[in-house]
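Below is one structure, written out as C-alpha coordinates, with a few remarks after it.
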Amino acid sequence: MGKNNVYLPTCHSTNDIAAEISSKVVEGTVVITSNQTKGRGQRGNVWEAESGANLTFSVILMPTFLPANEQFYFNMAVALAITDALNSLVIFNSRHDAQRLAIKWSNDIYYGNLKLGGVLIENTLEGMNIKSAVVGIGLNVNQENFSYPTATSLKSILGHELKLEEVLENLLFFLEIRYLALKNREYHRLKKDYMSQLYLLNEAHIYADNQGITFEGTIVDIMESGRLVVGTETGLRNFDFKEIVFCG
(Lines give C-alpha, C1' and ligand atoms only; values in the text may rest on other atoms or scores of the structure.)
Protein backbone atom coordinates (compact mmCIF):
# COMPACT_ATOMS: atom_id res chain seq x y z
CA MET A 1 0.00 0.00 0.00
CA GLY A 2 1.28 3.42 -0.92
CA LYS A 3 4.44 2.32 -2.76
CA ASN A 4 3.09 4.30 -5.70
CA ASN A 5 1.57 7.70 -4.88
CA VAL A 6 -0.20 10.13 -7.18
CA TYR A 7 -0.27 13.55 -5.53
CA LEU A 8 -2.56 16.28 -6.81
CA PRO A 9 -2.42 19.70 -5.12
CA THR A 10 -6.12 20.16 -5.96
CA CYS A 11 -8.72 17.85 -7.46
CA HIS A 12 -12.50 17.46 -7.46
CA SER A 13 -12.56 13.90 -6.11
CA THR A 14 -9.72 11.45 -5.47
CA ASN A 15 -12.17 8.57 -5.98
CA ASP A 16 -13.02 9.81 -9.48
CA ILE A 17 -9.35 10.23 -10.42
CA ALA A 18 -8.48 6.82 -8.96
CA ALA A 19 -11.28 5.19 -10.96
CA GLU A 20 -9.98 6.80 -14.16
CA ILE A 21 -6.43 5.47 -13.71
CA SER A 22 -7.17 2.16 -11.94
CA SER A 23 -6.43 0.03 -15.02
CA LYS A 24 -3.07 1.75 -15.61
CA VAL A 25 -1.43 1.53 -12.17
CA VAL A 26 -0.33 -1.15 -9.72
CA GLU A 27 -2.54 -2.33 -6.88
CA GLY A 28 -2.05 -0.28 -3.73
CA THR A 29 -1.60 3.00 -5.62
CA VAL A 30 -2.72 6.00 -3.58
CA VAL A 31 -4.28 9.11 -5.08
CA ILE A 32 -4.03 11.93 -2.56
CA THR A 33 -4.79 15.64 -2.58
CA SER A 34 -4.41 18.61 -0.26
CA ASN A 35 -7.58 20.24 -1.55
CA GLN A 36 -10.56 18.13 -2.58
CA THR A 37 -13.24 20.41 -4.01
CA LYS A 38 -16.09 17.95 -4.51
CA GLY A 39 -15.45 15.10 -2.09
CA ARG A 40 -18.27 12.59 -1.78
CA GLY A 41 -19.46 10.60 1.21
CA GLN A 42 -22.02 7.88 1.81
CA ARG A 43 -25.62 8.47 0.65
CA GLY A 44 -24.43 11.14 -1.80
CA ASN A 45 -23.37 13.50 0.98
CA VAL A 46 -20.64 16.10 0.50
CA TRP A 47 -17.38 15.58 2.41
CA GLU A 48 -16.11 18.82 3.95
CA ALA A 49 -12.33 19.15 4.32
CA GLU A 50 -10.21 22.23 4.89
CA SER A 51 -7.36 22.47 2.39
CA GLY A 52 -4.05 21.19 3.75
CA ALA A 53 -5.44 20.27 7.16
CA ASN A 54 -6.80 16.77 6.65
CA LEU A 55 -6.28 13.50 4.82
CA THR A 56 -8.32 13.00 1.66
CA PHE A 57 -7.10 10.10 -0.44
CA SER A 58 -8.13 6.99 -2.36
CA VAL A 59 -6.47 3.59 -2.60
CA ILE A 60 -6.79 1.43 -5.71
CA LEU A 61 -7.19 -2.27 -4.91
CA MET A 62 -7.92 -5.41 -6.92
CA PRO A 63 -9.82 -7.80 -4.61
CA THR A 64 -10.64 -10.23 -7.43
CA PHE A 65 -10.64 -13.01 -4.84
CA LEU A 66 -13.75 -11.56 -3.19
CA PRO A 67 -17.25 -12.65 -4.29
CA ALA A 68 -19.61 -9.73 -4.77
CA ASN A 69 -22.03 -11.12 -2.17
CA GLU A 70 -19.28 -10.98 0.47
CA GLN A 71 -18.16 -7.43 -0.25
CA PHE A 72 -19.32 -6.05 3.11
CA TYR A 73 -16.38 -7.84 4.72
CA PHE A 74 -14.27 -5.50 2.61
CA ASN A 75 -16.07 -2.55 4.21
CA MET A 76 -15.38 -4.03 7.64
CA ALA A 77 -11.68 -4.46 6.89
CA VAL A 78 -11.27 -0.84 5.76
CA ALA A 79 -13.14 0.67 8.72
CA LEU A 80 -11.18 -1.49 11.16
CA ALA A 81 -7.89 -0.47 9.55
CA ILE A 82 -8.67 3.15 10.36
CA THR A 83 -9.45 2.48 14.02
CA ASP A 84 -6.37 0.23 14.22
CA ALA A 85 -4.21 3.04 12.86
CA LEU A 86 -5.60 5.67 15.21
CA ASN A 87 -5.07 3.45 18.23
CA SER A 88 -1.52 2.64 17.09
CA LEU A 89 -0.61 6.31 17.17
CA VAL A 90 -1.31 6.29 20.92
CA ILE A 91 -3.36 9.41 20.35
CA PHE A 92 -5.78 8.85 23.16
CA ASN A 93 -5.05 10.02 26.68
CA SER A 94 -6.70 7.10 28.45
CA ARG A 95 -8.37 3.76 27.94
CA HIS A 96 -11.72 5.51 28.25
CA ASP A 97 -10.86 7.85 25.38
CA ALA A 98 -9.80 4.92 23.19
CA GLN A 99 -13.13 3.20 23.83
CA ARG A 100 -14.97 6.26 22.53
CA LEU A 101 -13.62 5.48 19.05
CA ALA A 102 -16.34 3.66 17.12
CA ILE A 103 -17.51 2.63 13.66
CA LYS A 104 -20.93 3.94 12.71
CA TRP A 105 -22.61 1.60 10.23
CA SER A 106 -21.58 1.32 7.62
CA ASN A 107 -18.28 3.18 7.22
CA ASP A 108 -18.12 6.31 9.36
CA ILE A 109 -15.53 6.73 12.11
CA TYR A 110 -16.85 8.36 15.25
CA TYR A 111 -15.35 9.70 18.45
CA GLY A 112 -18.12 9.77 21.00
CA ASN A 113 -21.07 11.22 19.07
CA LEU A 114 -18.93 13.23 16.65
CA LYS A 115 -17.80 12.22 13.17
CA LEU A 116 -14.04 11.93 12.77
CA GLY A 117 -13.79 10.32 9.36
CA GLY A 118 -15.55 8.43 6.63
CA VAL A 119 -15.05 5.88 3.89
CA LEU A 120 -16.54 5.61 0.40
CA ILE A 121 -15.83 2.31 -1.35
CA GLU A 122 -16.75 2.01 -5.03
CA ASN A 123 -16.46 -1.45 -6.52
CA THR A 124 -16.39 -2.57 -10.14
CA LEU A 125 -17.83 -6.05 -10.63
CA GLU A 126 -16.94 -8.73 -13.16
CA GLY A 127 -19.22 -11.72 -13.13
CA MET A 128 -19.73 -12.87 -9.54
CA ASN A 129 -16.56 -11.25 -8.19
CA ILE A 130 -15.15 -7.79 -7.61
CA LYS A 131 -12.81 -6.71 -10.41
CA SER A 132 -11.43 -3.56 -8.81
CA ALA A 133 -12.15 -1.22 -5.94
CA VAL A 134 -11.48 2.39 -5.09
CA VAL A 135 -11.32 3.04 -1.36
CA GLY A 136 -11.83 6.70 -0.57
CA ILE A 137 -10.90 7.80 2.95
CA GLY A 138 -11.44 11.18 4.54
CA LEU A 139 -10.04 11.79 8.01
CA ASN A 140 -10.30 15.05 9.96
CA VAL A 141 -6.81 15.61 11.31
CA ASN A 142 -5.91 19.24 11.97
CA GLN A 143 -9.09 21.11 11.06
CA GLU A 144 -10.71 22.94 13.98
CA ASN A 145 -13.80 24.66 12.55
CA PHE A 146 -16.60 22.79 10.78
CA SER A 147 -19.88 23.77 9.17
CA TYR A 148 -21.53 20.88 10.99
CA PRO A 149 -21.61 20.69 14.81
CA THR A 150 -21.46 16.89 14.62
CA ALA A 151 -17.89 16.83 13.23
CA THR A 152 -14.55 16.73 15.05
CA SER A 153 -10.87 16.18 14.33
CA LEU A 154 -7.84 14.61 15.95
CA LYS A 155 -6.49 18.07 16.78
CA SER A 156 -9.75 19.06 18.45
CA ILE A 157 -9.65 15.89 20.55
CA LEU A 158 -5.97 16.03 21.49
CA GLY A 159 -5.25 19.73 21.53
CA HIS A 160 -2.24 19.54 19.20
CA GLU A 161 -1.47 19.06 15.53
CA LEU A 162 -0.44 15.75 14.01
CA LYS A 163 1.83 15.14 11.03
CA LEU A 164 -0.33 14.15 8.08
CA GLU A 165 2.44 11.95 6.66
CA GLU A 166 2.66 9.94 9.88
CA VAL A 167 -1.09 9.41 10.08
CA LEU A 168 -1.23 8.37 6.42
CA GLU A 169 1.65 5.92 6.84
CA ASN A 170 -0.13 4.25 9.75
CA LEU A 171 -3.42 4.07 7.88
CA LEU A 172 -1.83 2.36 4.89
CA PHE A 173 0.12 -0.06 7.11
CA PHE A 174 -3.01 -1.27 8.89
CA LEU A 175 -5.06 -1.25 5.71
CA GLU A 176 -2.63 -3.76 4.26
CA ILE A 177 -2.89 -5.94 7.38
CA ARG A 178 -6.69 -5.98 7.31
CA TYR A 179 -6.72 -6.46 3.53
CA LEU A 180 -4.54 -9.56 3.87
CA ALA A 181 -6.86 -10.86 6.59
CA LEU A 182 -9.74 -10.39 4.14
CA LYS A 183 -7.79 -12.23 1.44
CA ASN A 184 -7.19 -15.08 3.89
CA ARG A 185 -10.95 -15.18 4.53
CA GLU A 186 -10.64 -14.35 8.22
CA TYR A 187 -14.29 -13.35 8.16
CA HIS A 188 -15.09 -14.41 11.71
CA ARG A 189 -12.38 -12.18 13.19
CA LEU A 190 -13.31 -9.25 10.97
CA LYS A 191 -16.96 -9.52 11.99
CA LYS A 192 -16.10 -9.93 15.67
CA ASP A 193 -13.78 -6.91 15.67
CA TYR A 194 -16.26 -4.81 13.71
CA MET A 195 -19.15 -5.62 16.04
CA SER A 196 -17.02 -4.86 19.09
CA GLN A 197 -16.60 -1.30 17.80
CA LEU A 198 -20.05 -0.75 16.30
CA TYR A 199 -21.59 2.58 17.25
CA LEU A 200 -24.85 2.29 19.28
CA LEU A 201 -24.77 -1.52 19.38
CA ASN A 202 -27.36 -2.88 21.83
CA GLU A 203 -28.61 0.63 22.68
CA ALA A 204 -32.22 1.76 22.21
CA HIS A 205 -32.55 4.86 20.01
CA ILE A 206 -35.01 6.54 17.67
CA TYR A 207 -34.69 5.84 13.94
CA ALA A 208 -36.66 6.62 10.80
CA ASP A 209 -37.19 4.27 7.87
CA ASN A 210 -37.22 5.26 4.22
CA GLN A 211 -40.94 6.01 4.49
CA GLY A 212 -40.23 8.64 7.13
CA ILE A 213 -41.81 6.58 9.90
CA THR A 214 -39.98 6.89 13.22
CA PHE A 215 -39.58 4.03 15.65
CA GLU A 216 -37.50 2.95 18.62
CA GLY A 217 -34.95 0.33 17.69
CA THR A 218 -31.84 -1.42 18.95
CA ILE A 219 -29.00 -2.46 16.64
CA VAL A 220 -28.31 -6.12 17.32
CA ASP A 221 -26.40 -7.50 14.32
CA ILE A 222 -25.22 -7.05 10.74
CA MET A 223 -26.04 -9.57 8.01
CA GLU A 224 -23.35 -10.93 5.69
CA SER A 225 -24.84 -8.75 2.96
CA GLY A 226 -24.19 -5.69 5.14
CA ARG A 227 -27.82 -5.09 6.04
CA LEU A 228 -28.34 -3.72 9.54
CA VAL A 229 -30.44 -5.84 11.89
CA VAL A 230 -32.54 -3.77 14.29
CA GLY A 231 -34.75 -5.04 17.08
CA THR A 232 -38.10 -3.23 17.32
CA GLU A 233 -41.32 -3.70 19.29
CA THR A 234 -42.71 -5.62 16.32
CA GLY A 235 -39.66 -7.88 15.99
CA LEU A 236 -36.39 -7.86 14.05
CA ARG A 237 -36.13 -5.70 10.95
CA ASN A 238 -33.21 -5.38 8.54
CA PHE A 239 -32.22 -2.33 6.53
CA ASP A 240 -30.01 -1.52 3.58
CA PHE A 241 -27.76 1.55 3.48
CA LYS A 242 -30.39 4.12 2.45
CA GLU A 243 -33.32 2.64 4.30
CA ILE A 244 -32.73 3.85 7.87
CA VAL A 245 -31.66 7.11 9.50
CA PHE A 246 -30.54 7.68 13.07
CA CYS A 247 -32.72 10.37 14.70
CA GLY A 248 -31.48 10.48 18.29
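Observations
- Cβ-Cβ under 7 Å pairs, at least 6 apart or on other chains, the stretch 1-25 side touching a residue at least 60 places away in the same chain (Cβ under 8 Å), far side part of a helix (DSSP H, G or I) and surrounded by 17 or more Cβ atoms within 10 Å (Cβ to Cβ): MET1/LEU172; MET1/LEU175; GLY2/LEU172
- Of all residue pairs spaced 6 or more apart or on separate chains, those with beta-carbon atoms under 9 Å, a first member in the stretch 59-86 that is under 10 Å from PHE174 (Cα atoms) and a second member that is modelled with pLDDT of 95 or more and among the hydroxyl-bearing types (Ser, Thr, Tyr) are ALA77/TYR179; ALA77/TYR194; VAL78/TYR179; LEU80/TYR194; ALA81/TYR179.
- Residue check for GLU70: modelled with pLDDT of 95 or more, under 21 Å from LYS191 (Cα atoms) and charged (D, E, K, R): yes
- Residue within the stretch 164-174 that is in contact with a strand residue (DSSP E or B) (Cβ under 7 Å, 6 or more places away or on another chain) and over 15 Å from ASN87 (Cα atoms) present: yes
- Taken together, GLY136, GLY127 contain a single residue that is under 28 Å from LYS183 (Cα atoms), of a type outside the set (D, E, K, R) and at pLDDT 95 or above, which is GLY136.
- Scanning the stretch 175-215 for residues that are basic (Lys, Arg) and out of contact with any helix residue (DSSP H, G or I) (no Cβ under 9 Å at 6 or more places or on another chain) yields LYS183, LYS192.
- Only one of the numbered conditions (1) at pLDDT below 95; (2) over 26 Å from CYS11 (Cβ atoms); (3) not basic (Lys, Arg) is not met by LEU154, and that is (2).
- Selection count where residues are touching a residue at least 40 places away in the same chain (Cβ under 8 Å) and not acidic (Asp, Glu), scope the stretch 224-248: 8
- Hits in the stretch 1-20 (condition: buried (at least 18 other Cβ atoms within 10 Å of the Cβ), touching an Asp or Glu at 6+ places or on another chain (Cβ under 9 Å) and modelled with pLDDT under 95): MET1
- The criterion of at least 3 residues that are among the β-branched types (Val, Ile, Thr) and over 16 Å from PHE72 (Cβ atoms) is met, among strands (runs of 3 or more DSSP E) falling completely within the stretch 176-245, by 214-222.
- The stretch 141-153, residues that are within 16 Å of the chain's Cα centre (by Cα) and under 11 Å from ASN54 (Cα atoms): VAL141, SER153
- Looking only at residues in the stretch 222-237 that are buried (at least 16 other Cβ atoms within 10 Å of the Cβ) and not basic (Lys, Arg), the one that is nearest to ALA68 (Cα to Cα) is GLY226.
The values are calculated or read from the model by the stated rules, or taken from the named source; none is laboratory data. Fair warning: this is a prediction, and the values are worked out from it, not measured in the lab. Every residue, glycine as well, gets a Cβ built from its backbone with ideal geometry; the counts of neighbours run over all protein chains shown.
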